[in-house]
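Worksheet: one structure, shown below.
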Amino acid sequence: MFIDVLKYALIAIFAVVMVLAALNSIRSRRTSDAATAGLYRSWTNIWMGGMLIILALILMFVFTGSTLSVVVEALFLIIGAYNVFAGIRNRSYYSRLQQRSGNGTGQTSGQSA
């Protein structure tokens, strides 16, 4: 009973995270500012990593015991964790880049024109 409720809750969370990843991906393609596009792409990475982690959890509850399923679950967990880490790292980089360009200096790198 509890496992069934948990499976359906994970599926619902997966659907929400999938929509959020798609929205951020669309927003990143429609913006013209490079820093803002990078910020949206970093959020897409975070949501995609969360999707892979949730998918691995769903697979853990649906399939049991098979060696292949354990390997696939482990791969999804590793790739998902890397996506979350890379998204967080990129988000901090692009938010700092956006703050520097928003201060009115007009320079996003250390080079002078």
Would you mind computing the Rg to Rh ratio of the chain from its alpha-carbon coordinates, Kirkwood style for Rh? 1.16
Could you order the peptides 46-52, 64-70, 26-32 from most to least packed, using the average number of other C-beta atoms within 10 Å per residue? 46-52, 26-32, 64-70
Simple spin-label estimate for Val19/Met60, 7 Å along Cα→Cβ, in nm, reads 2.6
Proximal charge balance of Arg41 [Cβ under 14 Å; K/R count +1, D/E count -1]: +4
Ala12 paired with Ala37, simple spin-label distance in nm, labels 7 Å along Cα-to-beta-carbon: 3.7
Considering only protein heavy atoms, with the full assembly of protein chains and a 1.4 angstrom probe, order Tyr40, Tyr82, Tyr93 by accessible area, largest first. Tyr82, Tyr93, Tyr40
Selected from Ala9, Met60, Trp47, residue furthest toward positive end of dipole (the chain; charges at beta carbon): Trp47
Helix by helix, which DSSP H runs in the chain go 30 Å or more along their axis at the Cα atoms and have an average Kyte-Doolittle hydropathy of 1.0 or more? 2-30, 34-62
Calculated FRET value between Ser101 and Leu75, using beta carbons and R₀ = 35 Å, to 0.05: 0.40
Carbon + sulfur, % of accessible area of region 14-80 - ligands and nucleic acids excluded, 1.4 Å: 74
With each run of n ≥ 4 DSSP H residues scored as -39500 (n - 2.57), what mean residue ellipticity at 222 nm is computed for the chain after dividing by its residue count and rounding to the nearest 500 deg cm²/dmol? -30000 deg cm²/dmol
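The values are calculated or read from the model by the stated rules, or taken from the named source; none is laboratory data. As the structure is a computational prediction, the values presented were derived from the model and not from experiment. All Cβ positions, even for glycine, are placed from backbone atoms using ideal geometry, and neighbour counts span all protein chains on display. Heads up: the accessible areas ignore ligands, DNA and RNA and are worked out on the full protein's heavy atoms, side chains in. Shrake-Rupley method; radii C 1.70, N 1.55, O 1.52, S 1.80 Å.
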